[in-house]
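Just so it is clear, none of the values below were taken in a lab; they were calculated from the coordinates. Note that the structure is a prediction, hence the values are computed from the model and not measured. So basically every Cβ, Gly included, is an ideal-geometry build from the backbone, and we count neighbours across all protein chains shown.
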Amino acid sequence: MNINTKGLTSIMLGAAVSAVVLSSCGNKQNAAPQTMAPEIAVITVEPTNIDMSRKYPATIKGKTDISIRPQVTGFITKVHVDEGQRVSKGQVLFTLDQVQFQAAVDQAEAAVNSSRTALSTAQITEQNKKRLYDKNIISEYEWQLASNQLMQARAALAQAEAALITARKNLAYTTVTSPSDGVVGTIPNREGSLASPSSAQPLTTVSDNSEVYAYFSLTEKDLLDLTEGGNASITQRIASMPEVNLVLADGTNYPLTGKVATVSGVIDNATGSASVRALFKNPSGMLRSGNTGSVYIPVRSENVITIPQKSTFEVQDLRYVFTLNDSNITRTTPVKVLPENDGKIFVVTEGLKPGDRVVTEGIGTIVRDGMPIRPKQSAAPAAN
């Protein structure tokens, strides 16, 4: 049997090529894909100076909040103002029933007239008795009796006149007026209600809110910080304190700054804090007595490390960041920060040192502990 050597060689070569091709395909399918480390922004922390603010919940009160109470008891016959109305000093707010008080005035006037008549009679009697005594017609006793009756008549007139003054004052008290300029508060009682000086609830409140006070509290630690550990007096520190800002309950920034006016000299045993009062001008009447908000006191921090708040995360009330080692591998690092912040930046007190690199994006989504990354340098937090 003749075998074609050239043809056999071609068949064997083709089979070998096929095997190599199949082997190559198999190796490509079995090889693990090479993944590139993600590129993630980092910052290098360095000491800096920054202005922050400490936030304190505050209650707003008018410079003077005057409770309006009647000085006599009576039924309200008319309410002359409405809640929120601006009033002037001396403006009528309420009128009470005047019938009984007018009757008391009429009765007192009648008593005065009667006393004057009695006094006139006593004067004539005393003069006649005196002439008769001088002529030795009557005894000294009779003249002295008439003289005493004259003094009693004078005293009775004085008493009647005092009662008339009181009655007229009580009648005037039935017209309740505003003791100062201000804004009317809540009016809980209307026409027909009984008003009394001893009532627990006032007729209303008039607040002079041309200037307002924001009341808030400082802890004992805050007070020590304020006085530099007792090395400076509170009066000196208040005088040198910067102006403070006010943010209302709805997040509105009040356009005018205020000034800390007073700090209580006594720490409340129940709360461990002292009351503080900041004064704000209120020309537009935007602030009302009873408003709430927050007072922000500027605080200057020098030579501190700052990080973006978005670069941190919390686990069981502890705060962490991801730092990078020399091999660009992430590491979970605990940090401590100051409580005061501007909503964007934290001031770090423990956990980081100058030159540390901190991951600033992908927190909670991409980045995890022990993960290699390609760092993309970004700007450090803005500082002042």
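After finding the eigenvalues of the alpha carbon gyration tensor for region 182-296, what semi-axes result from the square roots of 5 times each, listed largest first in whole Å?
On the way: eigenvalues 220, 74, 28 Å².
Taking √(5λ) for each eigenvalue gives 33, 19, 12 Å, largest first.
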Evaluate E = 1/(1 + (r/R0)^6) for S198 and A158, where r is the Cβ-Cβ distance and R0 equals 30 Å; express this FRET efficiency to the nearest 0.05.
0.50
Just to confirm the number: angle between the C-alpha axis of helix 140-173 and the first principal axis of the chain, 0 to 90 degrees, nearest 10?
30
Relative contact order for the chain, counting Cα pairs under 8 Å that sit 6 or more residues apart, in percent
28
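Stretch A270-N253 to full length: gain in nm at 0.36 nm per residue minus the Cα-Cα span?
Values: separation 17, 0.36 × 17 = 6.12 nm, distance 3.16 nm.
Working it through step by step, the gained length comes to 3.0 nm.
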Calculated Rg and Dmax of the chain using C-alpha coordinates, Å
45.1, 200
Given points 7 Å out from each Cα along the Cα-Cβ axis, report the E191 to K89 separation in nanometres with one decimal.
3.2
Each label sits 7 Å from Cα toward the beta-carbon; between R131 and E361 the label points are separated, in nm, by 12.0
Straight-line reach from K310: which lysines have a Cα under 21 Å away, not including same-chain ones fewer than 8 places off?
K55, K336, K344, K353, K376
Identify the residues of region 265-306 with backbone N under 12 Å of a label point that sits 7 angstrom from the Cα of I238 along the Cα-to-Cβ direction, or state none.
265-266, 275-279
Give the separation of the Cα centroids, region 153-206 to region 269-323, in Å.
46
